[in-house]
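To keep things clear, I will list the structure first and then write my remarks on it.
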Amino acid sequence: MNILIVEPFFTGSHASWANGFAGHSRHQVNILKLGGNHWKWRMHGGAITLSRQFIEAGFSPDLIVATDMLDLTTFLALTRHLTAGIPTAVYLHENQLTYPWSPQDRDLKRERDKHYSFINVTSALAAQRVFFNSRYHRDSFLDELPNFLKQFPDHNELGQVDRIAAKSQVLPLGLDLLWFDEVRSPRPADGSGETHTGSVPVIPNARPLIVWNHRWEYDKNPEHFFRALAVLSQRGRSFDVALLGEVFDVTPQAFHQGISELADRVIHKGYVEDKTEYAKWLWRADVLPVTSNQDFFGGSVIEAVYCGCYPLLPRRLAYPELIPHDLHRFCFYADFADLVEKLDSAVTKIDRGPLVRFRHAVSGYDWRVMAPIYDRTFEDLLASQ
């Protein structure tokens, strides 16, 4: 089978997902892509550029898989002489219908945000199959869709909700987890000494290391993260902090304030572009407190857990799906006060007992497991047409 992935926003997790599947599938997978910037313009105009590139490249795929950043209806309209008989699917890494918008966004203030949600809706209607990366993502999208459609003056087409639901399916994110083992630097058995590989010191740590490995954006709720660390600091707890993750032009004030208040406890701040260096930081880290208000899957959480970080997760979003129920008591917190207490206990004395079970639980998201599932899923889609 020849599969074409159409990705207007080829960066970060979107790029890793496309490259990962292409590298592990038993089928021929090509990627048609644009750079990962100007996301709103990608949703508006990316389909025009990519349709031209598709025609010029002479692709003859058996299946087209678009992501949520593509206006699939425009792409298909502009290539209809070539794509009319080709099955299509859309893979939603996220969606603009339930994604929390920044209060500072100009489109939100001018009530121009709804158009991006509508692109996701019409793309879902146009595709033969709609894939979501988690049950939480699918359910939250379908639950909100009727409310979204009801706001329009007439012809709301509420019956289309059932139509989209009928062709919706959960297909979890695949990740290249086994690669992390290649750069693993184990702790010395006796806890003595320190070695160095590249620029990142290898554990053991002089003090427990707390890690942040998400985007530096408002939806990841950095306010609660830094508030929790401030409480620990006031209690006199010993810890260091490594702030990883992609940094954008506009950084929430919580980062500036938190870094200033934590001072020399922050031993790294900023995006680690080199994948090997990033992996070494995860292997070195001890605790991963997650405070996000939005996460449709949680790839960075899976990576950190696989590398031995002890997760502290809110009991919401997609996180309960990622961890088997028998491990929930070890890692989930109920509210901010509960987070502080569990984080305090973690940096005081980390219970490493469940870590092997955590790692085993998330290892199933590796592409070596997920790629055959994707292949069978796409084969079934093609066979059903």
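The values are calculated or read from the model by the stated rules, or taken from the named source; none is laboratory data. Predicted model, so just to flag it, every value in this text is computed and none were measured. With ideal geometry, Cβ positions are generated from the backbone for all residues, glycine too; neighbour counts draw on all protein chains shown.
Reported count of residues in region 345-360, each being free of Cβ contacts under 8 Å to residues at least 40 places away in the same chain and either of a type in the set (G, A, S) or part of a helix (DSSP H, G or I) (or both), is 5. Do you know which residues across region 17-53 are under 16 Å from M370 (Cα atoms) and either surrounded by 19 or more Cβ atoms within 10 Å (Cβ to Cβ) or touching a Phe, Trp or Tyr at 6+ places or on another chain (Cβ under 7 Å) (or both)? W17, A18, G20, F21, H24, S25, V29, listed by residue number. Summed over region 255-312, the residues that are outside any helix (DSSP H, G or I) and within 20 Å of W17 (Cα to Cα) give a count of 10.
Within region 328-344, the only residue that satisfies the criterion of being part of a helix (DSSP H, G or I) and small (G, A, S) is A337. All of L339, L381 fail the test of being in contact with a strand residue (DSSP E or B) (Cβ under 6 Å, 6 or more places away or on another chain), touching a residue at least 60 places away in the same chain (Cβ under 8 Å) and either more than 21 Å from A285 (Cβ to Cβ) or not assigned by TED's automatic domain parsing to the domain that holds R227 (or both), apart from L381. A318 falls short on exactly one of the conditions (1) within 19 Å of the chain's Cα centre (by Cα); (2) over 22 Å from L209 (Cα atoms); (3) free of Cβ contacts under 8 Å to residues at least 24 places away in the same chain, and that condition is (3).
Checked across region 370-383, the condition of being in contact with a Phe, Trp or Tyr (Cβ under 8 Å, 6 or more places away or on another chain) and at positive phi holds for no residue. Summed over region 1-23, residues that are part of a helix (DSSP H, G or I) and under 16 Å from H93 (Cα atoms) total 10. If I filter region 345-376 down to residues being under 19 Å from E303 (Cα atoms) and among the basic types (K, R), which single residue comes out as surrounded by the fewest Cβ atoms within 10 Å (Cβ to Cβ)? Result: R352. For region 313-327, a residue qualifies if it is part of a helix (DSSP H, G or I), touching a Lys or Arg at 6+ places or on another chain (Cβ under 8 Å) and either outside the structural domain of H214 (by TED's automatic domain parsing) or aliphatic (A, V, I, L, M) (or both), and exactly one does: L327. Only one of the listed residues (F239, F255, F225) is closer than 22 Å to D335 by Cβ and either over 20 Å from the mean Cα position of the chain (by Cα) or small (G, A, S) (or both). That residue is F239.
E56 fulfils the conditions (1) surrounded by fewer than 22 Cβ atoms within 10 Å (Cβ to Cβ); (2) in contact (Cβ under 8 Å) with a residue 12 or more places away in the chain; (3) of a type in the set (D, E) except for a single criterion, (2). Looking only at region 298-317, which residues are more than 24 Å from E341 (Cβ to Cβ) and of a type in the set (A, V, I, L, M)? Matches in region 298-317: I302 only.
For region 59-72, indicate whether the set of residues that are surrounded by fewer than 15 Cβ atoms within 10 Å (Cβ to Cβ) and in the same structural domain as H93 (by TED's automatic domain parsing) is non-empty. The answer is yes, given that some residue of region 59-72 is surrounded by fewer than 15 Cβ atoms within 10 Å (Cβ to Cβ) and in the same structural domain as H93 (by TED's automatic domain parsing). Taking region 121-145 as the range and being more than 15 Å from the chain's Cα centre (by Cα), farther than 23 Å from S384 by Cβ and among the hydroxyl-bearing types (S, T, Y) as the test, only S140 passes. Does at least one position in region 235-245 carry a residue that is among the basic types (K, R) and touching a Leu at 6+ places or on another chain (Cβ under 6 Å)? So far as region 235-245 goes, no, none of its residues is among the basic types (K, R) and touching a Leu at 6+ places or on another chain (Cβ under 6 Å). The set of residues in region 267-316 that are among the acidic types (D, E) and touching a helix residue (DSSP H, G or I) at 6+ places or on another chain (Cβ under 8 Å) comprises D286, D295, E303.
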